[in-house]
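Okay, structure first, notes after.
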Amino acid sequence: MLLHLSTWPEIEAYLSRSRTIVVPVGSNEQHGPTGLLGTDWLCPEIIAHEAQKTADMLVAPTFNIGMAQHHLDFPGTIALRPSTFMAAIADWTHSLAHHGFERIFWLNGHGGNVATMEAAFSELYSEASFAGRRAGFACRLKSWWELKGVFKLATQQFPTGHGSHATPSEIAVTQWAYPEHIKAANYAPQIAPTGPIREARDFRARYPDGRMGSDPGLATPEKGGELVRLAVEGLIQAVAEFSAERPPAERVDA
Ligand code: NI
């Protein structure tokens, strides 16, 4: 079930049987000479949209702009600074909690989002802690490659040249979903360099074509399909476990 293609009475009815929602979250940023700018938000969206076809799962609109300041020297990148991103995560969460959602599962597609999102969750929980009350909701962050078996499969598919940015696994997932947008280039070097991530000017100097440690030429739509199928299974399982989690009873002496 997709929230943006539903009506409010349908969401109200969903809330009578489930308090869980999945939010795909990513980033709109350069992915080397052949990776789509939307790769990091497309991957979790593709997986979540596939999963809701077979499970009773509500999927929110994709939060498609993230913490990508280091990619800003490549055209097409749109970034939120960490403080803006945290404020937006808080407002999305409060909106959903306001309707009664108690389990908010963020399916992430961008490693650069993780630190900021975890800090955003801590801020949200702090509001409740300092007020001496329960938050009334819980957030879980999982990147799609952390879903059961997915990273292992990617390692088997791409034993060399996987790297950490513009990886063949994420590009394969987008190739499977959008085969009409597959691009080609001559990569030089074939496997990109690795190193630290700092400001945008430094990033472009270190990684001239935008890749980090990867050879995206290894990606195929077929490999992407294998990753999507496994990730869908893993997402359905992870969301079910999260939904079944119940807060412990209050302390009797509290
Ligand atoms: Ni990416």
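Based on DSSP H runs of at least 4 residues, each adding -39500 (n - 2.57), what is the mean residue ellipticity at 222 nm of the chain after dividing by all its residues, to the nearest 500 deg cm²/dmol?
On the way: 8 runs with 105 residues, N = 254.
One gets -13000 deg cm²/dmol as the mean residue ellipticity at 222 nm.
Relative to the longest principal Cα axis of the chain, at what angle does helix 114-131 sit, 0 to 90 degrees, rounded to 10? Roughly 20 degrees, rounded to the nearest 10.
Calculated FRET efficiency, T220 to L2, Cβ-Cβ distance, R0 = 22 Å: about 0.20 to the nearest 0.05.
The angle separating the long axis of helix 39-51 from the principal Cα axis of greatest extent in the chain is about 50 degrees. Spin-label pair T84-A55: with each label point 7 Å from Cα along the Cα-Cβ axis, the two points sit 3.3 nm from one another.
Along its principal axes, region 82-144 has C-alpha extents of 32, 21, 15 angstrom, given from the largest down.
Over the C-alpha atoms of region 1-120, the Rg to Rh ratio, Rh being the Kirkwood estimate, stands at 1.00. Amide H contacts of R140: I104, F105, W106, each under 5 Å away and 5 or more positions distant or on a separate chain (H built 1.01 Å from N in the peptide plane; Pro and chain starts excluded). Radius of gyration (Cα atoms) of the chain, expressed as a multiple of 2.2 N^0.38 Å: 1.05. Restricting attention to the chain, close to 15% of DSSP beta bridges with both partner residues there are antiparallel. Taking Cα atoms only, the orientation of helix 168-177 departs from the longest principal axis of the chain by about 70 degrees. Among the trypsin sites (Lys or Arg not before Pro) in region 14-88, those located in a DSSP loop and surrounded by at most 10 other Cβ atoms within 10 Å of their own Cβ are R17, K53. Phi-derived couplings, Karplus 6.51 cos²θ - 1.76 cosθ + 1.60 at θ = phi - 60°, listed residue by residue for region 145-153: 6, 8, 5, 3, x, 6, 5, 4, 5 Hz, with x used for Gly and Pro. Multiplying the residue separation of D202 and K152 by 0.36 nm and subtracting their alpha-carbon distance yields 14.8 nm. Separation of region 116-134 from region 184-254 is 26 Å, based on Cα centroids.
Each value in this text was obtained by applying a stated rule to the coordinates, not by laboratory testing. Note that the structure is predicted; figures quoted are calculated from it, not measured. With ideal geometry, Cβ positions are generated from the backbone for all residues, glycine too; neighbour counts draw on all protein chains shown.
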